[in-house]
Amino acid sequence: MDKKVIAIGALGGSGTRAVAKIVKESGVFIGDELNGPLDNLIFTRLFKNPKWNKKAAISDINFRLSVFEKYMKGEKLDFGSFYELLKVAKSNKLSPSRYNFYFNVLKRRTILENPRDVWGWKEPNTQFYIKEVLDYFPDLKYIHVIRNGLDMAFSTNKQQLHNWHWKFNIDKDFKNKESFNQLNLWIRSTKKVIKIAQEEKYKNRILILNHTALCDNPKEEIDRIIDFCGIPLSQEKLNKLYEIPGDKGSNDRYKNYDLSIFDSEQLKFVESMGFNLNYKK
């Protein structure tokens, strides 16, 4: 298989775990430092840091991407990369590190694994570094998962809103307008992805995946994922992948809430992204 790098991002809670599992079961290495939802915790430690991001130049971001690349490809870490990983493990309070992390990093200083040509990761916060990762990795393809914006508005997972609201000029009034602001984050981040995908230099490198469509039509949507990634698979393997997105989870949770807190433009955009809403206009 040719060199491939696959990245998966979204607003947190969008159903990226199923997509990560599909990619992983397709033979793509997605990391050895994963949590339950299959987030790549090396990427988390390096990049889920709003305070660092505000000050980081593109050279700083690229350096951390080079560290991440070496770790993921199985290359031996030079001292600078080794030190950077230890530094972020200690300094990033949003991502505490376990003992096995330090063991894995130390191992990378002494052991060279067989270099990987096909690898990737899933971490929702990737969406805040889309251009940077696409520019740094010429072979990278990015999958952006979108769940119904109204379901996301009422999700209990609002970490990205609290961490990254400033990137989208969103009000800090989380107490009284949290769901309203969460929907605005979904809308503005989705529009950003669409705009980037329309740029000629990123043509055919971004796939926007509708979570509802994945649940309702797994065969069609998984075929799209595999075709986009360019991964040759047997029909037997594909049939197993079709079984992964079986649980719709909290789809349609918005029906239990008052939607009058949102304005008509917000609701229209949600519908424009392919989500049929059951509400009184």
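What follows draws every value from the coordinates through simple rules; no lab data is involved. Please read all numbers here as calculations on a predicted model, not as lab measurements. In this analysis, Cβ positions are derived from the backbone assuming ideal geometry, glycine residues included, and neighbour counts consider all displayed protein chains.
Before moving on, here are some points about what is shown:
- Helix 174-197 vs. the chain, principal-axis angle (Cα, 0 to 90°, nearest 10): 70 degrees
- Our note on the geometry: Cα centres of region 208-238 and region 113-132, 19 Å apart.
- For region 196-281, averaging the sequence separation of C-alpha pairs within contact (under 8 Å, six or more residues apart) and dividing by the residue count gives a relative contact order of 25 percent.
- Taking every alpha-carbon pair under 8 Å whose residues sit at least 6 apart, the chain reaches a relative contact order of 26 percent.
- Protection proxy ranking, peptides 119-127, 201-209, average beta carbon neighbours within 10 Å, highest first: 119-127, 201-209
- Here is the list for region 217-262: trypsin sites (Lys or Arg not before Pro) lying in DSSP coil, each with at most 16 other C-beta atoms within 10 angstrom of its C-beta, are Lys248.
- Angle between the chain longest axis and helix 99-110 axis [Cα atoms, degrees, rounded to 10]: 40 degrees
- In the chain, the longest principal axis of the Cα atoms and the axis of helix 58-73 are about 70 degrees apart.
- Rounded, prolate or oblate (a/c below 1.5 giving rounded, otherwise prolate when a/b exceeds b/c) for region 135-219 by Cα gyration tensor: oblate
- Placing unit charges on the Cβ atoms of the charged side chains and taking the dipole of the chain about its Cα centre, the candidate lying farthest along the positive direction among Ser264, Asn251, Ala56 is Ala56.
- Shape of region 199-245, Cα gyration tensor, a/c cut at 1.5: oblate
- Overall form of region 202-281 per C-alpha gyration tensor (a/c, 1.5; a/b vs b/c): oblate
- Here the dipole of the chain is about 880 debye; that uses its Cα centre as origin and unit charges on the Cβ of Lys and Arg (positive) and Asp and Glu (negative).
- Per the Debye formula on identical point scatterers at the alpha carbon atoms of region 17-79, with no solvent, log10 I(q)/I(0) at q = 0.16 Å⁻¹ is -0.63.
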